[in-house]
Amino acid sequence: MHHWHYLFVLIACLALTAPLEFVGPGLYRRPRLLLSALAPVVVFIIWDLLAIAGQVWNFNERYIIGLRLPGAIPIEELLFFMVVPLCGLLTFVAVDTVLGHAHRSRAHRRSRVEGRG
């Protein structure tokens, strides 16, 4: 069961942030924004591959399923570099939408109050 911990954490992150797609314009419905979130993945994968090759770090076999990509990088590590930016950007877009609505609502109330005086 320990082998699935890394994947379970990633799945939990996706599951918890998935409903945020429906708050405002979302992320998955905006392909350019989605691609911009995933573009840096290439840099981090190269960084990881260099660190693995240089034996700077490795991965505890106890917490990964054992499926490795070329360069000995665990599949969970690739998924981590994709899931974390997606979850972060989903959260940012949702918070930005909610705060934008709150700001417009306050501005509307303020203009109504000022218009009455």
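The values are calculated or read from the model by the stated rules, or taken from the named source; none is laboratory data. The structure displayed is predicted, hence computed values, not measured ones. With ideal geometry, Cβ positions are generated from the backbone for all residues, glycine too; neighbour counts draw on all protein chains shown. Surface areas here come from the heavy atoms of the whole protein model, side chains and all, with no ligands, DNA or RNA. Shrake-Rupley method; radii C 1.70, N 1.55, O 1.52, S 1.80 Å.
Brief remarks on what is shown
- Considering only residues in the stretch 95-117 that are of a type in the set (S, T, N, Q) and under 30 Å from THR17 (Cα atoms), the one that is farthest from the chain's Cα centre (by Cα) turns out to be SER105.
- Of all the criteria given as (1) more than 30 Å from MET1 (Cα to Cα); (2) part of a helix (DSSP H, G or I); (3) in contact (Cβ under 8 Å) with a residue 12 or more places away in the chain, the one not satisfied by LEU27 is (2).
- Inter-residue pairs, beta-carbon under 6 Å, first within 19 Å of GLY88 (Cβ to Cβ) and in the stretch 1-21, second of a type in the set (A, V, I, L, M, F, W, C) and open to solvent by 40 Å² or more (accessible area, probe 1.4 Å), 6+ apart: LEU10/LEU79
- Residue within the stretch 32-48 that is open to solvent by 40 Å² or more (accessible area, probe 1.4 Å) and assigned to a loop (DSSP other than H, G, I, E, B) present: yes
- Screening ALA15 on (1) small (Gly, Ala, Ser); (2) more than 12 Å from the chain's Cα centre (by Cα); (3) in a helix (DSSP H, G or I) shows it passes everything except condition (2).
- Contacts under 9 angstrom Cβ, first residue in the stretch 80-109 being touching a residue at least 12 places away in the same chain (Cβ under 8 Å) and farther than 20 Å from GLY26 by Cβ, partner part of a helix (DSSP H, G or I) and open to solvent by less than 40 Å² (accessible area, probe 1.4 Å), 6 or more apart: PHE80/LEU10; PHE81/VAL41; PHE81/ILE45; PHE81/ASP48
- Whichever residue in the stretch 61-79 is in contact (Cβ under 8 Å) with a residue 60 or more places away in the chain and open to solvent by 70 Å² or more (accessible area, probe 1.4 Å) and, among such residues, is nearest to the chain's Cα centre (by Cα): TYR63
- Of the set (1) modelled with pLDDT of 95 or more; (2) more than 30 Å from GLY100 (Cβ to Cβ); (3) not charged (D, E, K, R), all apply to PHE59 but (1).
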